[in-house]
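Colleague: Provided herewith is a single structure, encoded as structure tokens, for subsequent inquiry.
The values are calculated or read from the model by the stated rules, or taken from the named source; none is laboratory data. Computed from a predicted model, the values in this text were never measured in an experiment. In this analysis, Cβ positions are derived from the backbone assuming ideal geometry, glycine residues included, and neighbour counts consider all displayed protein chains.
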Amino acid sequence: MRPLLSWAGWRAVLARTHSPGPSAGYRGASGAQRYVRNPPVGTCDLQGELDRFGGISVRLARLDALDRLDAAAFQKGLQAAVQQWRSEGRTAVWLHIPILQSRFIAPAASLGFCFHHAESDSSTLTLWLGEGPSRLPGYASHQVGVAGAVFDESTRKILVVQDRNKLKNMWKFPGGLSEPGEDIGDTAVREVFEETGIKSEFRSLLSIRQQHTNPGAFGKSDMYIICRLKPYSFTINFCQHECLRCEWMDLNDLAKTENITPITSRVARLLLYGYREGFDKIDLTVEELPAVHTGLFYKLYHKELPDNYKTMKGID
Ligand SMILES: NC(=O)C1=CN([C@@H]2O[C@H](COP(=O)(O)OP(=O)(O)OC[C@H]3O[C@@H](n4cnc5c(N)ncnc54)[C@H](O)[C@@H]3O)[C@@H](O)[C@H]2O)C=CC1
Ligand SMILES: [Mg+2]
């Protein structure tokens, strides 16, 4: 086992790792991220990136020498660095700690750092250095659940399930939680297939429910989105872990049954209205558009816009 480094030893290691150079302080407001070394070599050398809001991001994973550093020496080094960043007018510190270096969390917390969020392999702590209360944005506030109302217009049948793990067995649409980076429609199609074996394609978004302090959302709020899907397979092969029952049910019967969650009942009536009067009355359709600043694309959901409104140049 390698011996732990003292604070003096850590400074020496870091001084060797990052050779002294001109002070790399923030030299512009271009928005580009730069590496900054604070304070200058010789006192402490916690390397960070400056963000466009004047905050510093320190990624401990990138500082190899920290592998041999103990918690007390880290605390001393961080304290000196924070003092330096404060004197330079930095607004905040973001400290990214890999899970295997979690021994540095408590020393950081003792200097005022708080958890911002954690992922499976790391945690991120923040310290607000600016004036007044913190203006740092919080982490994710909601989880997103998506269900598929798979409706076969030719037979007027709709696909419904009952949960295995619920005390009351009520009819609802198959669905589940969206995965990071997954489109809403793709979640609906995936969850429907996983839970029922039915293949389908996305048609539209029908409803959004927002609920706070949802019991299954780990203290976060819950967004539950129901999509209209069109089936292209019909043989049910439902997931025995999650579902107790799964059926193609007549839409009229579903709208009338009492053994149903309130949101499913409301959406069944909405679908009945769309089936009778035209789905354009109820559908929020999707279009992919380019984002202006990032070069990425996003999905925009809204009621269908007539073509002449899409192309019109000005408004009289
Ligand atoms: N009003 C409605 O009709 C209902 C709406 N929802 C919404 O659906 C979304 C979530 O859908 P779900 O089908 O619940 O998610 P899901 O389909 O992603 O996962 C459910 C399955 O995950 C597993 N699981 C969940 N929590 C677990 C735990 N603590 N320990 C072990 N296994 C666990 C179980 O196998 C469970 O059957 C949420 O947005 C929720 O609000 C859920 C139920 C009814
Ligand atoms: Mg589910």
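Colleague: Which condition number in (1) at pLDDT below 95; (2) of a type outside the set (Lys, Arg); (3) near ligand 1 (Cβ under 10 Å from one of its atoms) is the one that Gly219 fails?
Modeller: Against the list (1) at pLDDT below 95; (2) of a type outside the set (Lys, Arg); (3) near ligand 1 (Cβ under 10 Å from one of its atoms), Gly219 comes up short only on (3).
Colleague: Give all pairs with beta carbons closer than 6 Å in which a residue from region 297-310 that is farther than 18 Å from Gly274 by Cβ meets a residue that is in a strand (DSSP E or B); count only pairs at least 6 apart in sequence or on separate chains.
Modeller: Phe297/Glu288; Phe297/Pro290; Lys299/Val286; Lys299/Glu288; Leu300/Glu287; Leu300/Leu289
Colleague: Also, quick follow-up: What helices (runs of 4 or more DSSP H) lie completely within region 223-316 and have 1 or more residues being touching an Asp or Glu at 6+ places or on another chain (Cβ under 9 Å) and among the aromatic types (Phe, Trp, Tyr)?
Modeller: Values: elements: 251-256, 262-277, 307-311.
Because the criterion is at least 1 residues that are touching an Asp or Glu at 6+ places or on another chain (Cβ under 9 Å) and among the aromatic types (Phe, Trp, Tyr), the helices (runs of 4 or more DSSP H) in region 223-316 that meet it are 262-277.
Colleague: So is Ala217 within 16 Å of ligand 2 (Cβ to nearest atom), touching a Phe, Trp or Tyr at 6+ places or on another chain (Cβ under 7 Å) and small (Gly, Ala, Ser) or not? Break it down stepwise before answering.
Modeller: Details: within 16 Å of ligand 2 (Cβ to nearest atom): yes; touching a Phe, Trp or Tyr at 6+ places or on another chain (Cβ under 7 Å): no; small (Gly, Ala, Ser): yes.
So Ala217 fails the test.
Colleague: If you check Phe173 against the conditions, is it within 13 Å of ligand 2 (Cβ to nearest atom) and of a type in the set (Phe, Trp, Tyr)?
Modeller: On the way: within 13 Å of ligand 2 (Cβ to nearest atom): yes; of a type in the set (Phe, Trp, Tyr): yes.
Here the answer is yes, as Phe173 does meet what is asked.
Colleague: Now for a different question. Cβ-Cβ under 8 Å, sequence separation 6+ or interchain: first residue in region 165-182 and more than 10 Å from ligand 1 (Cβ to nearest atom), partner in a loop (DSSP other than H, G, I, E, B). Which pairs?
Modeller: Asn169/Asn259
Colleague: Within the bounds of region 256-276, is there any residue that is farther than 22 Å from His302 by Cα, in contact with a Leu (Cβ under 9 Å, 6 or more places away or on another chain), modelled with pLDDT of 95 or more and surrounded by fewer than 21 Cβ atoms within 10 Å (Cβ to Cβ)?
Modeller: Looking for residues that are farther than 22 Å from His302 by Cα, in contact with a Leu (Cβ under 9 Å, 6 or more places away or on another chain), modelled with pLDDT of 95 or more and surrounded by fewer than 21 Cβ atoms within 10 Å (Cβ to Cβ), one finds at least one in region 256-276, hence yes.
Colleague: Something else: When you go through Asp45, Asp64 one by one, which is the residue that is buried (at least 19 other Cβ atoms within 10 Å of the Cβ), farther than 30 Å from Thr294 by Cβ, touching a Ser or Thr at 6+ places or on another chain (Cβ under 8 Å) and modelled with pLDDT under 95?
Modeller: None of the others qualify; the one that does is Asp45.
Colleague: Go through region 183-233 and give me each residue that's hydrophobic (A, V, I, L, M, F, W, C) and free of Cβ contacts under 8 Å to residues at least 12 places away in the same chain.
Modeller: Taking region 183-233 first, the residues hydrophobic (A, V, I, L, M, F, W, C) are 184, 188-189, 192-193, 198, 202, 205-206, 208, 217-218, 223, 225-227, 229.
Matches in region 183-233: Phe193 only.
Colleague: The conditions are (1) in contact (Cβ under 8 Å) with a residue 24 or more places away in the chain; (2) surrounded by fewer than 19 Cβ atoms within 10 Å (Cβ to Cβ), and Ala108 fails exactly one of them. Which is it?
Modeller: Evaluating Ala108 over (1) in contact (Cβ under 8 Å) with a residue 24 or more places away in the chain; (2) surrounded by fewer than 19 Cβ atoms within 10 Å (Cβ to Cβ) leaves (2) as the failure.
Colleague: Can we say Phe173 is at pLDDT 95 or above, among the aromatic types (Phe, Trp, Tyr) and either within 24 Å of Phe218 (Cβ to Cβ) or exposed (fewer than 13 other Cβ atoms within 10 Å of the Cβ) (or both)? Can you show your working first?
Modeller: Values: at pLDDT 95 or above: yes; among the aromatic types (Phe, Trp, Tyr): yes; either within 24 Å of Phe218 (Cβ to Cβ) or exposed (fewer than 13 other Cβ atoms within 10 Å of the Cβ) (or both): yes.
Against the criterion (at pLDDT 95 or above, among the aromatic types (Phe, Trp, Tyr) and either within 24 Å of Phe218 (Cβ to Cβ) or exposed (fewer than 13 other Cβ atoms within 10 Å of the Cβ) (or both)), Phe173 qualifies.
Colleague: Surrounded by fewer than 18 Cβ atoms within 10 Å (Cβ to Cβ) and within 14 Å of ligand 2 (Cβ to nearest atom), is that true of Glu179? Before the answer, list the steps.
Modeller: Numbers: surrounded by fewer than 18 Cβ atoms within 10 Å (Cβ to Cβ): yes; within 14 Å of ligand 2 (Cβ to nearest atom): yes.
So Glu179 fits the description; yes.
Every residue, every condition in (1) among the hydroxyl-bearing types (Ser, Thr, Tyr); (2) buried (at least 17 other Cβ atoms within 10 Å of the Cβ); (3) without any contact (Cβ under 8 Å) to a residue 12 or more places away in the chain; (4) not in a helix (DSSP H, G or I), yes or no:
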| position | (1), (2), (3), (4) |
| --- | --- |
| Arg86 | no, no, no, no |
| Ser102 | yes, no, no, no |
| Gly112 | no, no, no, yes |
| Ser123 | yes, yes, no, yes |
| Pro133 | no, no, yes, yes |
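Colleague: Now a separate question. When you scan region 277-292, how many residues do you find that are more than 30 Å from the chain's Cα centre (by Cα) and exposed (fewer than 13 other Cβ atoms within 10 Å of the Cβ)? If you could, list the steps in order and put the result at the bottom.
Modeller: Filtering region 277-292 for residues more than 30 Å from the chain's Cα centre (by Cα) gives 277-281.
Those left that are additionally exposed (fewer than 13 other Cβ atoms within 10 Å of the Cβ): 277-278, 280-281.
Total meeting the criteria: 4.
Colleague: How many of the residues in region 147-158 are in contact (Cβ under 8 Å) with a residue 12 or more places away in the chain and either within 13 Å of ligand 2 (Cβ to nearest atom) or outside any strand (DSSP E or B) (or both)? Don't jump to the end; show me each part of the working.
Modeller: So the first thing to find is which residues in region 147-158 are in contact (Cβ under 8 Å) with a residue 12 or more places away in the chain, and the list is 147-153, 155-158.
Filter once more, keeping what is either within 13 Å of ligand 2 (Cβ to nearest atom) or outside any strand (DSSP E or B) (or both): 147-148, 153, 155-156.
Looking only at that region, the number is 5.
Colleague: When you scan region 51-84, how many residues do you find that are touching a residue at least 60 places away in the same chain (Cβ under 8 Å) and in contact with a Cys (Cβ under 7 Å, 6 or more places away or on another chain)?
Modeller: Looking only at that region, the number is 1.
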